[in-house]
Amino acid sequence: MSVARGVDRPLRRVAMISVHTSPLDRPGTGDAGGMNVYVVELARRLARRGVEVDVFTRATSSELEPLVHAEDGVRVQHVTAGPFEGLAKADLPAQLCAFAREVLRTEASHEPGWYDAVHSHYWLSGQVGALARDRWGVPLVHSMHTMAKVKNASLADGDTPEPAVRVIGEEQVVAAADLLIANTDDEARELVEHYDADPALVEVVAPGVDLDLFTPTDRDAARSRLGIAPDKHLLVFVGRIQPLKAPDVLVRAAAQMLQRDPGLAGRLEVAVVGGPSGSGLERPTALVELAADLGLGDAVRFVPPVERAGLVDWYAAADAVCVPSYNESFGLVAAEAQAVGTPVVAAAVGGLRSVVRHDESGLLVPGHDPADYAAALGRVIGEPGLRERLAAGAVRSAGRFSWEHTADATLAAYRSAARRRREDLLARAEMMGR
Ligand code: UDP
């Protein structure tokens, strides 16, 4: 590999690696969530800036075309690695060699120097990205999205800890990457503290919100489209149903609100939008059973995953959107709900602490005691003027995030990673020449 390769040339094509979740999947259940949205939104905007993106993802069905032109400048390459269906996430590491081999083969079918950078998402992809980077002589930029050590430090009761193979795999990727993209300052600090990342190699780039889609929307109009009466108090949870996201905290909080104020009976409603995911798949009906055990009956409605455009009405119809997660590296749902003009009651953890501005765009609740959520949600629906004030603050707060900014900052990160790589290679070549 020549020292000059992969540097000092325009950024034309990026290989984006997303092994375990396809950008073509609908988010809100299984492995498809915020990372899918992130990859799609970023790829789309990079393409609009003249950088072509190939997203490599594992084929999970024999029906999938090997190559899908998702939109101008964005292609999804379905990589055959392991059985199409039924491969548990825990078994994915065994397929990484096959996956990497296919990625290298695809690149080799083009003229030399086809990709100018690799951007990997989640540690599994980072393992593949590190290999590709070494072979192609281009920079590896990596986004963790979630981190096992951070997740294990704040597990929900009874949730399964992330295994050592993931922790070690993440450490390897952090050590290999030319540049790490963190969603927030907090995540950047965690990378340094828990994974020994070089602070100079960590760049903070906030994810965005599609502010054309998630625009301030009238609550009553949204309710009439959804068939929800205007006099209801509606609390909404949106996301993948798993212990980490703690939708049970909202359900328990609603039960306490009803117990304390019997006047709310028949007027308080909870909507849980999304499907089972992760360790939530082990007991997919647990939340339904909990609602029944708490005697909530019709007060909790379960809505299967909704396409993103359809979420606007669910966010807008809510008096408050509740995000009681044990951990979030960012929290797209909180940002999207605010963009629509709905206050967010969220756990004071991870990225939610920067996405939600306490007492300005929502309320941050320390810990996961349902009583505290009942109190905060009770304030939003009962305290005169509070919801209106927070709703106005929510729109302002969400205005800080845009995918356009994410794409510009990510492009700058690719360029600085390429510059740094060139400097490293030149320094090494000089040492060898001495
Ligand atoms: N989402 C969706 N439909 C659903 C539920 C969720 O499109 O029924 C999307 C939601 O709009 C958000 C993403 O899934 O963009 C979830 O991202 P978040 O950062 O909140 O959580 P993650 O899935 O990354 O843990």
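Taking the DSSP beta bridges in the chain as the whole, what percent of them are antiparallel, to the nearest 5?
Values: 5 of 51 bridges.
Roughly 10 percent of the DSSP beta bridges within the chain come out antiparallel.
What is the gain in length, in nm to one decimal, between residue 279 and residue 63 on full extension, counting 0.36 nm per residue of separation less the C-alpha to C-alpha distance?
Values: separation 216, 0.36 × 216 = 77.76 nm, distance 2.72 nm.
Here the segment from residue 279 to residue 63 would lengthen by 75.0 nm.
Could you state, as a whole-number percent, how many of the C-alpha pairs of segment 102-222 are farther apart than 26 Å?
Values: 2623 of 7260 pairs.
Everything past 26 Å amounts to 36 percent.
Need one number for segment 133-285: average projected area of the convex hull over its C-alpha atoms, nm².
That works out to 13.4 nm², a quarter of the Cα hull's surface.
On the principal axes of its Cα set, how long, how wide and how thick is segment 219-398? Give whole Å, largest value first.
39, 37, 31
Just the ratio, please: alpha-carbon radius of gyration of segment 1-119 over 2.2 N^0.38 Å, N its number of residues. Intermediate results must be reported in sequence, preceding the final value.
On the way: Rg = 14.7 Å, N = 119, 2.2 N^0.38 = 13.5 Å.
For segment 1-119, the normalised Cα radius of gyration comes out at 1.08.
What does the highest-first list of 276-284, 169-177, 380-388 look like by mean Cβ count within 10 Å?
Going by the mean number of other Cβ atoms within 10 Å, highest first, we get 169-177, 276-284, 380-388.
With a Förster radius of 41 Å, plug the Cβ-Cβ distance of residue 226 and residue 172 into 1/(1 + (r/R0)^6) and report the FRET value to the nearest 0.05.
It comes out at approximately 0.30.
Grab the Cα-Cα distance for residue 218 and residue 369, subtract it from 0.36 nm times how many residues apart they are, and report the gain in nm with one decimal.
Extra length from residue 218 to residue 369 when fully extended: 51.2 nm.
Test of understanding: extend the Cα→C-beta vector of residue 424 to 7 Å, then name every residue of segment 76-120 with backbone N under 17 Å from that spot.
116-120
Rg and Dmax of segment 190-247 over Cα atoms: what are they, in angstrom?
Using the Cα atoms of segment 190-247, the pair Rg, Dmax is 19.5, 54 Å.
Pairs on different chains or at least eight residues apart, Cα atoms closer than 23 Å: how many lysine pairs in the chain fit?
5
Between segment 117-196 and segment 6-83, what is the separation of their alpha carbon centroids in Å?
If we compute the Cα centre of each part, the gap is 19 Å.
Does segment 311-383 come out rounded, prolate or oblate by the C-alpha gyration tensor, with a ≥ b ≥ c the root eigenvalues, rounded set by a/c under 1.5 and, if not, prolate when a/b is larger than b/c and oblate if not?
Oblate, because a/c is 1.5 or more while a/b does not exceed b/c.
Put a dot 7 Å past each Cα toward the Cβ at residue 152 and residue 359; how far apart are the dots in nm?
3.8 nm
By how many degrees, between 0 and 90 and to the nearest 10, does the Cα long axis of helix 185-195 differ from the longest principal axis of the chain?
60 degrees
Residue 400 versus residue 261, label points 7 Å from Cα toward the beta carbon: distance in nm?
2.9 nm
Place a point 7 Å from Cα of residue 409 in the direction of its Cβ. Which residues in segment 307-346 have their backbone N less than 15 Å from it?
329-332, 335
Counting alpha carbon pairs within less than 8 Å and at least 6 residues apart, what relative contact order, in whole percent, applies to the chain?
The value is 17 percent.
Quickly estimate the mean residue ellipticity at 222 nm for the chain, helices only: each DSSP H run with n ≥ 4 gives -39500 (n - 2.57), and the total goes over all residues, rounded to 500.
My calculation for the chain gives -13000 deg cm²/dmol from helical runs alone.
How would you rank 328-341, 301-314, highest first, on the average number of other Cβ atoms within 10 Å across their residues?
Packing proxy ranking, top to bottom: 328-341, 301-314.
Which listed residue (216, 433, 92) has the Cα farthest towards the positive end of the charge dipole for the chain, taking +1 on Lys and Arg C-beta and -1 on Asp and Glu C-beta about the Cα centre?
Result: 433, furthest along the dipole toward the positive end.
Take the alpha-carbon positions of the chain, form their convex hull, and give its projected area averaged over all directions (one quarter of the hull surface) in nm².
Quarter of the Cα hull surface area: 20.7 nm².
Set the Förster distance to 41 Å, then compute FRET efficiency between residue 389 and residue 309 from the Cβ-Cβ distance, nearest 0.05.
Numbers: r = 28 Å, r/R0 = 0.68.
My answer for the efficiency is 0.90.
Run the quick spin-label model on residue 94 and residue 135: label points 7 Å from Cα toward the beta carbon, then report their separation in nm to one decimal.
2.3 nm
Here, each number is a calculation from the coordinates, and none is a lab measurement. A quick note: this is a predicted structure, and the numbers were derived from the prediction, not measured. So basically every Cβ, Gly included, is an ideal-geometry build from the backbone, and we count neighbours across all protein chains shown.
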